[in-house]
């Protein structure tokens, strides 16, 4: 295949996926085209706020949430956005305004929801290592008008955690508080996920407990004064493109829920977690309506409310990372494009072996005929510091802006200050306007809290 035909193939791959219509090139195909996020040129944003910078489309987030919510139709369901995917306050506010509930895994994420006024009855607390301080804060978290305090439900992941929750709940109730709601996370022993690091439903993983252990715990605390059993949950992993693991795991959860009902423990919620895969290059994500129908067939006869915890599926395609070309370099084996973003800004390529499509923010017809396979690398002092390897990229020059696609999930939230690098700015685009929703760090930020 010639370089020109390869360039055309890659261009087709990185065109916006069906659920990201908010990103598109505009201009004359015979001359110059600018990549727009909604009504704003990404090249303009880079010139205004600098690079590296994360850019999110409000319209894309809203469209993804509404499409998934609409797919479940009349089935009682709640979408609990997984805050770990992208915890920027402005992004959380967009989802809260849509009516989303939230899935958290730390006290810090709980604090972020507190700051934007999310009531407790819209929060579920997952995670395998909750501390006594986190449980204390969640039990006493401001509730809604219908509930005086506390979050919607704790997803308990071990017998030891349950003991801690019971102890903290007893102190809370003795002081006049109400019983917290709880469910157990059951490990369904179903393998799924696009990488070993993001598979969570197998028997060898740290998450959840076996059904045998869960059943004993449910029955042992059936009439507890300190907590109320409200549900059962499972999570399989991330980047799932098949219905099979969902059907398998949810069928098992449904049988467990029926068993508990026969034992006098009726459940209100059944939580299948998240994990819906998204398109980075050639993947084929599940259609929301198909996914929803498959889950509804299993859940509807139970009379339970289905909880779903999407994260990546809502915000991943809505974000890009902007980076500027610094230098070009070649040796006997490789061609390199050195950019100002690095593994500290986006660690997914090295951590998960992930491929993020990369294109110029401005593309020229003449440059597109001169595509070359390059490694796109950053300034960090590690051979692992790359954004892409052997990527077919049109000819670029120092100063050009590159766009790293599908970076709205697990991008900024996993960034660091390695090599004493400042973390990137974050920008939210709303129609024809954009605003900085997190300032780029300065050097004072890097030493704040340190003492000589």
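Within the group 363, 348, which residue is more than 28 Å from the chain's Cα centre (by Cα) and surrounded by 18 or more Cβ atoms within 10 Å (Cβ to Cβ)?
363
Scan segment 116-123 and tell me whether some residue there is touching a strand residue (DSSP E or B) at 6+ places or on another chain (Cβ under 8 Å), crowded, with 23+ Cβ neighbours inside 10 Å and under 29 Å from residue 421 (Cα atoms). Checked segment 116-123: no residue is touching a strand residue (DSSP E or B) at 6+ places or on another chain (Cβ under 8 Å), crowded, with 23+ Cβ neighbours inside 10 Å and under 29 Å from residue 421 (Cα atoms).
Kindly evaluate residue 387 against the criterion of being under 28 Å from the mean Cα position of the chain (by Cα) and modelled with pLDDT under 95.
Numbers: under 28 Å from the mean Cα position of the chain (by Cα): yes; modelled with pLDDT under 95: no.
Taking the combined requirement at face value, the residue does not satisfy it.
Among residues belonging to segment 330-348 that are touching a strand residue (DSSP E or B) at 6+ places or on another chain (Cβ under 6 Å) and either outside any loop (DSSP other than H, G, I, E, B) or without any contact (Cβ under 8 Å) to a residue 12 or more places away in the chain (or both), point out the one that is farthest from residue 380 (Cα to Cα). If we take residues in segment 330-348 being touching a strand residue (DSSP E or B) at 6+ places or on another chain (Cβ under 6 Å) and either outside any loop (DSSP other than H, G, I, E, B) or without any contact (Cβ under 8 Å) to a residue 12 or more places away in the chain (or both), then 335 is farthest from residue 380 (Cα to Cα). Taken over segment 402-423, the criterion of being buried (at least 23 other Cβ atoms within 10 Å of the Cβ) and not in a loop (DSSP other than H, G, I, E, B) is satisfied by 402, 403, 404, 412.
For every residue, the table says whether it meets (1) more than 26 Å from residue 443 (Cα to Cα); (2) part of a loop (DSSP other than H, G, I, E, B).
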| residue | (1), (2) |
| --- | --- |
| 375 | yes, no |
| 381 | no, yes |
| 384 | no, yes |
| 426 | no, no |
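Residue 452 satisfies every condition listed in (1) free of Cβ contacts under 8 Å to residues at least 24 places away in the same chain; (2) over 19 Å from residue 55 (Cα atoms); (3) assigned by TED's automatic domain parsing to the domain that holds residue 343 except (3).
Across segment 159-178, the number of residues qualifying as in a loop (DSSP other than H, G, I, E, B) and modelled with pLDDT of 95 or more comes to 0.
Only one of the listed residues (60, 101, 41) is closer than 21 Å to residue 346 by Cβ, at pLDDT 95 or above and surrounded by 15 or more Cβ atoms within 10 Å (Cβ to Cβ). That residue is 60.
The values are calculated or read from the model by the stated rules, or taken from the named source; none is laboratory data. Computed from a predicted model, the values in this text were never measured in an experiment. Every residue, glycine as well, gets a Cβ built from its backbone with ideal geometry; the counts of neighbours run over all protein chains shown.
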